[in-house]
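The structure appears below as structure tokens.
The values are calculated or read from the model by the stated rules, or taken from the named source; none is laboratory data. It should be emphasised that the depicted structure is a prediction, and the values quoted were computed from it without experimental measurement. Note: ideal-geometry Cβ built from the backbone for every residue, glycine included; neighbour counts use all protein chains shown. These area figures cover heavy atoms from the full protein model, side chains too; ligands, DNA and RNA do not enter into them. Shrake-Rupley method; radii C 1.70, N 1.55, O 1.52, S 1.80 Å.
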Amino acid sequence: MNSNVLRAVFTRNFISYFTNPTGYVFICLFVWLSSLAAFWPEEFFISNLANLDQLNYYFPLIMLVFIPAITMSIWAEERREGTDELLLTVPSTDMDIVLGKYLAAVAIYTVSLLFSCVSSLIVLRTLGDPDVGLFMSTYLGYWLVGLGMLAIGMVASFITSNLTVAYVFGVLFNLPLIVLYYIYKTRLDIFDFGQAGNDGQTWILSLTARPWSIQQQLSDFARGVPTLSGVVYFGGIVVVMLYLSMILIGRRHWTGGSAFSTGLHYLIRVVSLAVVMLGIFTITQRASVHFDMTQEQLTSLSPHTVELLNNLETDKRPVRIDAFISPEVPEAYVQTRLNLINTLKEMQSIGGQKLDVVIHETKRFGEEATLADERFKIVAKKVTTDKRGAFTDDFIFLGVAFRCGLSPVTIPFFDRGTPIEYELIRSICTVAQQKRKTVGILTTDAQLYGQFNMQTMSPGRNWPIIDELEKQYEVVRVDPKQPIDTKKIDVLLAVQPSSLGPPEMDNFVAAIKTGLPTAIFEDPAPLLTPGVPPTSEPRQSDNRMAMMMGRQQSPPKGDINKLWSLLDIDFAADSIVWQKYNPYPKFSQFPDEF
């Protein structure tokens, strides 16, 4: 490699671009379009987040306009002016010429991107406090996108001498890598992995095509997590396209009779190189090497979650995750939506082939909404939020369905404050395991399954904890009137065990002595739960039932001290201890005890 020739070619192409007014026009157009896409959409102000989410969506399309403007003159201009033969007579290799021109194009693009970077950062710093790590990761992704698209555009310039045709070819050659991202959106019946016929083939194609799109590879950088697979993806495009450019330059050495065989030989070389880069990309994608650049490590999962994903056993069948998420949500739910999407993508990245995550942009009256309701009972939830001083109602989707076999798990809605990572990994582990663990609910005066309504003669509603437990476990009732069979349950839940009668208390304590894992909830003063007696007070009974049974006194209580003694707890039943710290000042009207 002749460094002097490479430097001369680089300098000539770089300077020539800025001696032409057209170059400045395209740079200004690029910065203007970038700023327009980032800050003009109303979603930027609705979300109230200092990031570039809106620009991330439109950036590949902007590049489709800007990149061919840089590459169209790389070689087509040389051939149009007749300087290509003079350039090729310079004592250097074809690699020097190709690298010199490519690096010049990269330098031009880098300068343009720096202008965009500075202008975007000024606006974000003026309006808010952006995450610098997230911002830099996003622009690193933009730069890598440019490297790949510039290499493709160079090939377009090498095959024609017309600038306009070179520009059009540059658009057409880059277009497939952008269109791949939208293939799956043309199909809506994508829920059944085992669909027969053409529908199933289309579904499989959509899943295998999307990871090869520019938008998909950019998405990790845009959420602050640069990945090795993303670097290999764009680097592989550069390597293959630059080698193809060298072959196109070298065509002048092909003689007439052997031109076909020589072309076939180089075609095999290009295909082989592409296959090698494909293999490297696949390996790095499965290895899932990435780095969280965000300041607060917002996209990182806890070590325990990572361990669960790595040890996940799916019996050679991935866990299918269908997330139905509204494209636009009120400001109060923007952060929840963003965290849900980022967590799903991070789990997909770590889980690899074990997880199959599909995020559906679901509008209230779209086909995705209909399918979400019919398949998983996920419907739009009505939320009331404060918008510009007035309360407004919106209907949004933030639901996720999990499948891996015959027992699906559905989370209909992620409300604000919901522990997203915990709920997701819990549901994944639930659908992946062959047998669910069994939770026993101890029957006490705390009617977790609802108290029978004598007026309507109908059972009451379950406590929310029962509904939550049934999402993950087999939940059964345990009657303490009989000795508890500890072999039939994995864990026991006892709420207000002080309300048990003497025989029931003895059976309960005996079960704990066997080592049965037990969660005990005892409230000394359950003021907000009628019918549940405080720890130190007598049990309550329905007056009508007492009259029917011919007894007027309260049912007897078991000796709760047996439980405290077994657990080595010194429980002072006649005193309450509290602290005055109140994290919610708007509830200051409550007594200090609360």
Q.
With a 1.4 Å probe and all protein chains left in place, how much of the accessible area of region 123-179 comes from carbon and sulfur atoms, in whole percent?
A. 72 percent
Q: Scan (i) 129, 75, 51; (ii) 114, 53, 46; (iii) 97, 55, 46 for the value of Cα extents along the principal axes in Å calculated from this model and give just the label.
A: (ii)
Q | Antiparallel content of DSSP bridges confined to the chain, in %, to 5 | A | 50 percent
Q: Hey, can you find the accessible area per residue of the chain for me, probe 1.4 Å, expressed in square angstrom?
A: 54 Å²
Q: Could I have the simple spin-label model distance between residue 140 and residue 260, label points 7 Å from Cα toward Cβ, reported in nm to one decimal?
A: 5.0 nm
Q. Of all the accessible heavy-atom surface of region 329-458, with the other protein chains kept in place and a 1.4 Å probe, what percent is carbon and sulfur?
A. 49 percent
Q: Any chance you could check the Cα centroid distance between region 313-369 and region 117-136 for me, in angstrom?
A: 27 Å
Q: Sort 475-486, 260-271 for me by packing, meaning the mean count of neighbouring Cβ atoms within 10 Å per residue, highest on top.
A: 475-486, 260-271
Q: Any chance you could check the Cα centroid distance between region 262-283 and region 390-441 for me, in angstrom?
A: 44 Å
Q.
Restricting to DSSP loop positions (anything but H, G, I, E, B) with no more than 10 other Cβ atoms inside 10 Å of their own Cβ, which GluC sites (Glu not before Pro) remain in region 307-353?
A. 313
Q: Just grab the label-to-label distance for residue 490 and residue 575, each label 7 Å out from Cα along the Cβ direction, in nm (one decimal).
A: 4.1 nm
Q) For residue 15 and residue 118, what does the FRET efficiency come to when R0 = 30 Å and r is the distance between their Cβ atoms, rounded to the nearest 0.05? A) 0.85
Q.
Per DSSP helix of 4 or more residues, -39500 (n - 2.57); summed, then divided by the residues of the chain. What does that give at 222 nm, rounded to the nearest 500?
A. -17000 deg cm²/dmol
Q.
I'd like to compare 33-40, 358-365: which one has the highest average count of other Cβ atoms within 10 Å, and what's the full order after that?
A. 33-40, 358-365
Q) List the aspartates and glutamates whose alpha-carbon lies under 12 Å from that of residue 488, not counting same-chain residues fewer than 8 positions away? A) 474
Q. Going down the list 354/381; 354/382; 437/481; 471/562, which pairs span over 28 Å between their C-alpha atoms?
A. 354/381; 354/382; 471/562
Q: Determine the gain in length on full extension of the stretch residue 391-residue 175; use 0.36 nm per residue of separation and subtract their C-alpha separation, reporting nm with one decimal.
A: 73.4 nm
